1. Would you check the accessible area of A:SER57, probe 1.4 Å, heavy atoms only, in square angstrom rounded to 10?
2. Tell me which residues come under 5 Å, amide H to amide H, from B:SER116 once H is placed; ignore anything under 5 positions away on its chain.
3. Calculate how steeply helix A:117-143 sits against the longest principal axis of the alpha-carbon atoms of chain A, using the helix alpha-carbon long axis, and give the answer as 0 to 90 degrees to the nearest 10.
4. Checking the a/c ratio against 1.5 first, then a/b against b/c, what shape does the Cα gyration tensor give for the protein assembly as shown?
5. Which whole-angstrom value gives the distance between the alpha carbon centres of segment B:94-153 and segment A:55-80?
6. For Cα pairs less than 8 Å apart in space and 6+ apart in sequence, what is the mean separation divided by the residue count of segment A:2-116, i.e. the relative contact order in percent?
7. Please list 3J(HN,Hα) in residue order for segment A:166-176, calculated via the Karplus relation 6.51 cos²θ - 1.76 cosθ + 1.60 where θ = phi - 60°; whole Hz, with x for glycine and proline.
8. Restricting to lysine pairs 8 or more places apart or on different chains, what number in segment B:54-190 have Cα atoms under 26 Å apart?
There are 2 protein chains.
Amino acid sequence: MNNLLKYIRSLTDFSDQSWELLQGALTKKEFKKNDYLLNEGQVCNSLFYIERGYCKSYYVIDGAIKNTGFFFENDIATNISSFGNGQKSTYAIVACEPLTAIVFDKDNLFQASKQSSEIEALGRNCIRLFAIKQEEFSTLFNLYSAQERLEYLESNHPEILQRVSLTQLASFLGVARETLSRIRKRRVLT
Amino acid sequence: MNNLLKYIRSLTDFSDQSWELLQGALTKKEFKKNDYLLNEGQVCNSLFYIERGYCKSYYVIDGAIKNTGFFFENDIATNISSFGNGQKSTYAIVACEPLTAIVFDKDNLFQASKQSSEIEALGRNCIRLFAIKQEEFSTLFNLYSAQERLEYLESNHPEILQRVSLTQLASFLGVARETLSRIRKRRVLT
DNA sequence: GGCTACCTGTGATAAACGTCACATAATTAC
DNA sequence: GTAATTATGTGACGTTTATCACAGGTAGCC
């Protein structure tokens, strides 16, 4: 839990009292590789703070898996629109390694928010960070070619390249596995 | 201002008293076509509620303009990461038509938030909607081809197609102007 | 060890897309 | 109204990428 407290305090002022109060909304949970944090069609009632391991979000389109995000230690994973609106999720989130998460329960978190403006502010900041991250990757696809997207990740998110296989990464970058293999080869030679 | 109040009440409970209090953070502002709501390099201290007209966000990459978003009546336009972190904006927002906006000033809004939990909740909901919109378009690029992206807009955001020129739209969809022209032709014939 | 599942590299070929060039609307400026 | 600017359509051509096919590599499991 200590990592989480550090993480929270990097975002916003947070008293010991708020931390105490927040405990009622938190559960530690272990996932095996390929366990679902969130399944397609399910309503998302949690924020998952990733303590150890990593997971990915993906869609299944015409039988093919399309990765849309990776979440590592000190990230929050969730489906923000399902969490906020109570709609069924159109995608799944699955553990790619054995994973330890601290789960924020929505109802309990809302209760706690009403009792502490610091917890309220924490929620706001989590959403804000999530929005910024979405904007970053949305822009990435809008502006750059596959090769430039790869270079961007190398510069700005090397942890993804280190931990995710080429096949998984290709799906995330929106190119065929073979194409990514060739881009990488081209870049080594020149 | 009446439209704004309706919009706010569609998002969250909002008393007349909160509305009164919020006034101190609001200014109505008129923009001519091609006026900047936000320029590149500037810090974004505002949320712009679009009352009439529309605007777009865009990057300039190697001298070429790349559109990343369009904002119409009843949308909130802002640079969420600049607004939140106080960093300089890496892109611009410009009026595409004569435009009327109600501008939320950041500092005054924060002051008002402290005095009313409803205003606080409003801020949170605006950020949340922004995050959902970003996620939607991020996914769109990740999952679909140019033609499918066009079809998605036709089904889900017809207002964009009705009001934005082909050249502007092509830049937003991430394809060459000529390609979009051909896609459209192909679709009419089949 | 041997089986299985998954991952990576590479060639051949076809489809999609970008770029350049130019013609023709449509819109805006004066 | 006329000129200038901007937007659109279309052909030709080259580049990038997807797809299919197959070979070899790696890791976990019994």
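1. 10 Å²
2. Close amide H contacts, sequence-distant or interchain: none at all.
3. 10 degrees
4. Working: a/c = 1.75, a/b = 1.04, b/c = 1.69.
Here the protein assembly as shown falls in the oblate category.
5. Taking the Cα centre of segment A:55-80 as reference, the centre of segment B:94-153 is 22 Å away.
6. Working: 230 pairs, mean separation 45.5, N = 115.
40 percent.
7. 3J(HN,Hα) across segment A:166-176, in whole Hz: 4, 4, 5, 5, 4, 4, 5, 6, x, 10, 5.
8. Close lysine pairs under the 26 Å cut-off: 13.
The values are calculated or read from the model by the stated rules, or taken from the named source; none is laboratory data. Please read these numbers as outputs of a predicted model, since none were measured by experiment. With ideal geometry, Cβ positions are generated from the backbone for all residues, glycine too; neighbour counts draw on all protein chains shown. All accessible areas refer to the heavy atoms of the entire protein, side chains included, with ligands and DNA or RNA removed. Shrake-Rupley method; radii C 1.70, N 1.55, O 1.52, S 1.80 Å.
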